[in-house]
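A.B. asks: Have a look at the structure that comes next, please.
Read-outs: derived from the displayed coordinates by stated rules, not from any lab. What you see is a predicted model; the values in this text were computed from it and never measured. Note: ideal-geometry Cβ built from the backbone for every residue, glycine included; neighbour counts use all protein chains shown.
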There are 2 protein chains.
Amino acid sequence: MTIESATWTAGPAAARDVALEVLLHGPISRSEIARRLKLSAGSLTRLSTPLIEDGLLVETGEYQDGRAGRPSRPLDIKPDSRHFLGMKLTGESLQGVVTDLRATVLHSISQALPSRAPDDVADAIAALVSELLEVAPDATALGIGLGGRIAEDGTVRSAPFLDWADVPLRHMVESRCNLPTVVQNDVIAFTEAEHWFGAGRGLERFAVVTLGAGAGYGLVEHDAIVSNDDAGIGLVGHWPLDPLGPLCPAGHRGCAHSVLTQSAIVSAVSSGIGREVDYAEAMSLAEAGDPVARRVVDDAGLGLGRLLAAIANLTMPQRIVLGGEGVQLFDVAADAVHAGIRRDRDPRAADIDLVTTPGDDLEWCRGAAVIAIQTYVLGTAV
Amino acid sequence: MTIESATWTAGPAAARDVALEVLLHGPISRSEIARRLKLSAGSLTRLSTPLIEDGLLVETGEYQDGRAGRPSRPLDIKPDSRHFLGMKLTGESLQGVVTDLRATVLHSISQALPSRAPDDVADAIAALVSELLEVAPDATALGIGLGGRIAEDGTVRSAPFLDWADVPLRHMVESRCNLPTVVQNDVIAFTEAEHWFGAGRGLERFAVVTLGAGAGYGLVEHDAIVSNDDAGIGLVGHWPLDPLGPLCPAGHRGCAHSVLTQSAIVSAVSSGIGREVDYAEAMSLAEAGDPVARRVVDDAGLGLGRLLAAIANLTMPQRIVLGGEGVQLFDVAADAVHAGIRRDRDPRAADIDLVTTPGDDLEWCRGAAVIAIQTYVLGTAV
DNA sequence: ACAATTATTTCCGCGGCAGAAGTAATAATT
DNA sequence: AATTATTACTTCTGCCGCGGAAATAATTGT
C-alpha cells in the first residue's frame, strides 16, 4: 500500500509503539509508558525525545498526584499534527469529515449521490475529497465506510444499499485523488472508533450494537476487533428475537431487522395509529404514553435486551456500546431493555455496563476516519 | 510462582518462542518458523541449535513436498522430554493422568473422594499425586481442574459441586506435594487443551461447548482464551433455549441446563416411558426410534442447535468443538441440531464447522494437564 | 535542612538481531 | 548429464537498540 511508505515515526519500531501508547492512552508519563511497554526508563528518554522534536508529541503541564517524588511530565499527542478524511457512503448520500489524529471532527460536508453507478460514486467521492482538502490540505489519508462486505484490498465485495458487487473502490478513488485510501465496513469502522477514541477506549473486551437502517454488531476481544468473511453482512440482523414478531422482508419472523430498525418501528407505529410518523415522533409518542407506540417500542426494547443478554453471555464484554441513529430507543425503552436482559441473563452474572453514543450522523464518518488513522499509524490495514 | 523459576528454555526469549512454535505447530521447518516469527534464517539456526542439544527438539526425517530446492529438515518437540500431571476433581471422585509435553495421556488413575472437606480432598490429591509420581517421577507440574470459579492465585472462590468457598487449594496441594501446581476451571482447561493440542489447534478463533452434568462454554479469540470473573459459573447453563421447555432446579423454563444436560435428558425419558434409564440407553432408544426418547432428544438437539447458532452469530468462530460426556447427543440428534442452527442463523452466513471430541472421561484430566503445561511453557498462568 | 521517593537523563556495554556470503540439496531445463 | 533455478540452512560480521548503573531533578514528608 502507498499508505505504508509514510511511516509516522522515524527510528526504531519501539518509537512507533511509544507514539501509539500516547495516542491511545495519553496524556501519559514516560515512566508509565515504560512500565506498559516493558522498556527501561532510559529507553523511554531515547525514544520520546525525537518524537517531541518532530512535533508529534508534546509535554503537557506537570502532574502532581500528591505522591512523593519528582512529578511526572506527561506526554500527549499533538492532535492537529496530522489530519485525516473520513466518509460515510450510503445508497443516497455521501458525507465527509476532516478529523485530527484523535478523530475529533473539525469539519463536515454532505451531499446527495447523483447515481449509484460505481464511476459516478467515485467521482462524487473525489469531488468531496477536493472540498475537504481545501479545509485540510495536509490530510494524510482517507477512510471510506459503507455497509457491505469489503475485501482486504479495498474492493467492495457486496453492498446491498448500492447494489454493488466486486467494485474496486479503493483503487478507483486513489487513482482520482492521489490520497492514500482505505475502505472498510461501516460497523467495523464504528467499532474501531469506539475502541481507540470512544466508549471502548482502554478496554480490551467490548461489544458494539448499532441501531438505524439496520442492526449492526461489532466485537473487540483482547484489544483487537473480531471479524471474519461474513463480517459486514449483518449477521445479527436476522436473528429471531421474538417468535411472534412481525415479518421482515427476508421472511424471518421477529428477527432483529423486523423489530429493532428504525423503519420497522416507524411502520409498526404508523400502521398502528393510522397515520405516518417518523422515528423521532414514534419515540415521542411512546414517551408520552401512547399505547400503540409504547407497545411497539417496548417490544423492540425487550428484543434489544435479549440481544444484549446473548452478547454478554457469549462474549463476556466489559461493556456494550450502543450507537447509531436509532440509539434513542435505548433511552425510551430502558425498562423493557433491562427486562429483556433479565430474561436471558443468569442472575448471578455481573451487571452489563451499557453505554450509549450521541447517535449523531457524523459517528459513521468519524469511524471511517479512524480506519485511515489506524492504517497510517500501524502501517497496516486493520 | 514456583513454576516460573524453572524456565524450559535457556538463552534469549526468542528461543522460548521458537520452542513454543514447534510445540504448537510442529513438525515445522526452521525456515517456516523464521517466517512465522519474523526472524532471519540465521537467527533460527542460532536459536534452534541449543534447543536440539538440550534434547528438547529433534530433527524429524526430511520432508520433500515436490517443490524445487533443498528439502527442509522439520523440527519437532521430543514429547517425552517432560511429563505433567492432570487431575479432574468432581464432587464424588478424583481422576488423575500422566501426560507428555503434548498432553498425550500416558497413564490414568481414578479414585472415589472420601469426603468433600477441603483438607480431605487435598489429602486425596496428594495421595493420587504420589501414585502418579511412581509412574512419572520426573513430572514437572500438576494441573487441577474443577467446576467453579477459581482466582488467579489458585484459590477456589466457589465450587457448587464441592460446596466450597474460598478454599486455597493450590497452596494446600503445594504444601503437601512439593510440586508446582495450578488450579483452573474445568471448562477453561478443556478449552485450552483443544486450543493447543485438540480440534482447535492452529485456529485463532473457536468456541467450545461441553455437555454432561452441566453445559459448559469456552471461547478463544485472537488465539487466546476469553474469560472474565464470571467464567466458571456456567453462564450459558441457564440460558433459555425453549420457552416451553421443562423447568430447571433454579426455576428457569427451558434453559440449557434443563434441556441439554445428561440428567435432564435421562429424567425426561425416564418419566416419559415410565422406567428408569441411563443416558446411554436414552440415546439408544432415540436411535431405535422410540417416540418419547426421540422427542426428548430432538428437543435437546434443537436447543443445542440454537445455542450453536447464537455462538456462531456473535463470536464468529472458525469452528465449534463439542465435547464432554454427553457429546453423543450431537450424533444422535444431528438433524435436530442442524434444524436449530438453520432456525437462528442467517442463511447467507457460512456453514458452521462442527467437530466433536471422543467424549471420554479423560478429556477433563487432559485439560488440567494442559494448564500445567501452559504455565510451565509460558512461564505464567493463563 | 535532610531523607525518602519518584521521574528523567546520560552513558556504557553487549546481547542478539539482520544481512551477506557461503554451502547444501533438491527439481526443472537443456 | 550438465546447467540453472530454487529453497534450506549455516557461518560470520557489524551494529542497532536495549538494559542497567549512576547522575540529576523535583517533589513530599519529617
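A.B. asks: Measuring from centroid to centroid over Cα atoms, what is the spacing of the range A:189-259 and the range A:351-382 in Å?
C.D. replies: 14 Å
A.B. asks: Here's something else I'd like to know. What nm value, rounded to one decimal, do you get for the distance between A:Arg35 and A:Glu287 when each label is placed 7 Å out toward the C-beta?
C.D. replies: According to this spin-label approximation, the distance is 4.4 nm.
A.B. asks: Between A:Ala112 and B:Asp351, what FRET efficiency follows from the Cβ-Cβ distance if R0 is 45 Å, with the result rounded to 0.05?
C.D. replies: E(calc), rounded to 0.05, equals 0.65.
A.B. asks: Could you pull out the GluC sites (Glu not before Pro) across the range B:242-321 that fall in loop regions by DSSP (anything but H, G, I, E, B) with no more than 12 other Cβ atoms inside 10 Å? Each step should come with its number before you reach the end.
C.D. replies: Values: sites: B:Glu276, B:Glu281, B:Glu287; in loops: B:Glu276.
Those that pass, being in a loop and sparsely packed, are B:Glu276.
A.B. asks: Checking the a/c ratio against 1.5 first, then a/b against b/c, what shape does the Cα gyration tensor give for the range B:5-101?
C.D. replies: Working: a/c = 2.72, a/b = 1.91, b/c = 1.43.
Judged from the Cα gyration tensor, the range B:5-101 comes out prolate (a/c at least 1.5, a/b above b/c).
A.B. asks: Right, something else. GNM, chain A, Cα, under 10 Å: largest mean-square fluctuation among A:Ala34, A:Ala13, A:Ala280?
C.D. replies: For chain A, modelled as a Gaussian network with Cα springs under 10 Å, the answer is A:Ala13.
A.B. asks: When the Karplus curve 6.51 cos²θ - 1.76 cosθ + 1.60 is applied with θ = phi - 60°, which whole-Hz ³J(HN,Hα) does each residue of the range B:17-30 get, with x for Gly and Pro?
C.D. replies: Each residue's phi maps through the Karplus curve to give 4, 5, 4, 5, 4, 5, 4, 8, 10, x, x, 8, 6, 4 Hz.
A.B. asks: Moving to a separate point now. Placing the label point 7 Å from Cα along the Cα-to-Cβ direction, what are the distances from B:Asp166 to the equivalent spots in the other copies, shortest first, in nm to one decimal?
C.D. replies: 6.5
A.B. asks: Around B:Ile150, which amide H atoms from residues at least 5 apart in sequence, or from another chain, sit under 5 Å from its own amide H, with H modelled in the peptide plane?
C.D. replies: Long-range HN contacts for B:Ile150: B:Arg157, B:Asn185.
A.B. asks: What does the helix-only formula give at 222 nm for chain B: each DSSP H stretch with n ≥ 4 adding -39500 (n - 2.57), the total divided by the residues, and the result rounded to the nearest 500 deg cm²/dmol?
C.D. replies: Numbers: 14 runs with 161 residues, N = 382.
Result for chain B: -13000 deg cm²/dmol, rounded to the nearest 500.
A.B. asks: With a ≥ b ≥ c taken as the square roots of the eigenvalues of the C-alpha gyration tensor of the range A:203-356, please select rounded if a/c is under 1.5 and otherwise prolate if a/b is larger than b/c or oblate if it is not? Can you show the working numbers first?
C.D. replies: Values: a/c = 1.91, a/b = 1.54, b/c = 1.24.
Verdict is prolate for the range A:203-356.
A.B. asks: Do any GluC sites (Glu not before Pro) in the range A:127-199 lie in a loop, going by DSSP, with at most 16 other beta-carbon atoms within 10 Å of their beta carbon, and if so which?
C.D. replies: Values: sites: A:Glu131, A:Glu134, A:Glu152, A:Glu174, A:Glu192, A:Glu194; in loops: A:Glu152.
Answer in residue order: A:Glu152.
A.B. asks: What number, in percent, do you get for the relative contact order of chain B if the mean sequence gap of Cα pairs under 8 Å and at least 6 apart is divided by its residue count? Before the final figure, lay out each step's value.
C.D. replies: Numbers: 788 pairs, mean separation 64.2, N = 382.
Across chain B, relative contact order equals 17 percent.
A.B. asks: Loop-only GluC sites (Glu not before Pro) in the range A:26-74, please: DSSP not H, G, I, E or B, and at most 13 other Cβ atoms within 10 Å. The partial results should precede the final answer.
C.D. replies: Numbers: sites: A:Glu32, A:Glu53, A:Glu59, A:Glu62; in loops: A:Glu62.
Those satisfying the criteria are A:Glu62.
A.B. asks: Distances from B:Glu325 to the same position in the other copies: list them in nm, one decimal, shortest first, using label points 7 Å from Cα along Cα→Cβ.
C.D. replies: 5.5
A.B. asks: On average, how much area does the Cα convex hull of the protein assembly as shown cover when viewed from any direction, in nm²? Working shown, then result.
C.D. replies: Details: hull surface 153.2 nm².
In nm², the orientation-averaged hull projection of the protein assembly as shown is 38.3.
A.B. asks: Classify chain B as rounded, prolate or oblate from the Cα gyration tensor: take a ≥ b ≥ c as the square roots of its eigenvalues, call it rounded if a/c is under 1.5, otherwise prolate when a/b beats b/c and oblate if not. Mind showing how you got there, number by number?
C.D. replies: Working: a/c = 2.21, a/b = 1.39, b/c = 1.58.
Verdict is oblate for chain B.
A.B. asks: Would you mind checking A:Lys38/A:Lys88; A:Lys38/A:Lys78; A:Lys78/B:Lys38 for any pair whose Cα atoms are more than 27 angstrom apart? All intermediate terms of the calculation are to be shown ahead of the outcome.
C.D. replies: On the way: A:Lys38/A:Lys88 39 Å; A:Lys38/A:Lys78 24 Å; A:Lys78/B:Lys38 32 Å.
The answer is A:Lys38/A:Lys88; A:Lys78/B:Lys38.
A.B. asks: For B:Ser130, put the label point 7 Å out on the Cα→Cβ axis and report which residues of the range B:161-200 keep their amide N under 18 Å from it.
C.D. replies: In the range B:161-200, the label zone of B:Ser130 (backbone N under 18 Å from the point 7 Å along Cα→Cβ) covers B:172-180.
A.B. asks: Sticking with this one: Kindly write out, for the range A:189-200 in residue order, the coupling ³J(HN,Hα) from the Karplus curve 6.51 cos²θ - 1.76 cosθ + 1.60 (θ = phi - 60°), rounded to whole Hz, with x marking Gly and Pro.
C.D. replies: Coupling constants for the range A:189-200: 4, 4, 4, 5, 5, 5, 5, 7, 9, x, 6, x Hz.
A.B. asks: Measuring nothing but label to label, 7 Å from Cα along Cα→Cβ, what are A:Leu247's distances to the other copies in nm, shortest first?
C.D. replies: In ascending order, 3.8 nm.
A.B. asks: If you don't mind, another one. Residues of the range A:292-315 with backbone nitrogen within less than 20 Å of a virtual label 7 Å along the Cα-to-Cβ line of A:Ser271, please, listed as ranges.
C.D. replies: Label zone hits: A:292-304.
A.B. asks: Name the most mobile residue of B:Gln328, B:Gln111, B:Gln318, meaning the one with the largest mean-square fluctuation, in a Gaussian network model of chain B with Cα contacts below 10 Å.
C.D. replies: Of B:Gln328, B:Gln111, B:Gln318, the Gaussian network model singles out B:Gln111 as fluctuating most.
A.B. asks: Which order do A:Thr356, A:Thr261 fall in if you start with the one that has the fewest other Cβ atoms within 10 Å? Let's see the in-between values first.
C.D. replies: Numbers: A:Thr356 17, A:Thr261 24.
So the residues, fewest neighbours to most, are A:Thr356, A:Thr261.
A.B. asks: Using θ = phi - 60° and the Karplus relation 6.51 cos²θ - 1.76 cosθ + 1.60, list the HN-Hα couplings for the range A:81-88 in order, rounded to whole Hz, with x at every Gly or Pro.
C.D. replies: 6, 9, 10, 9, 10, x, 9, 10
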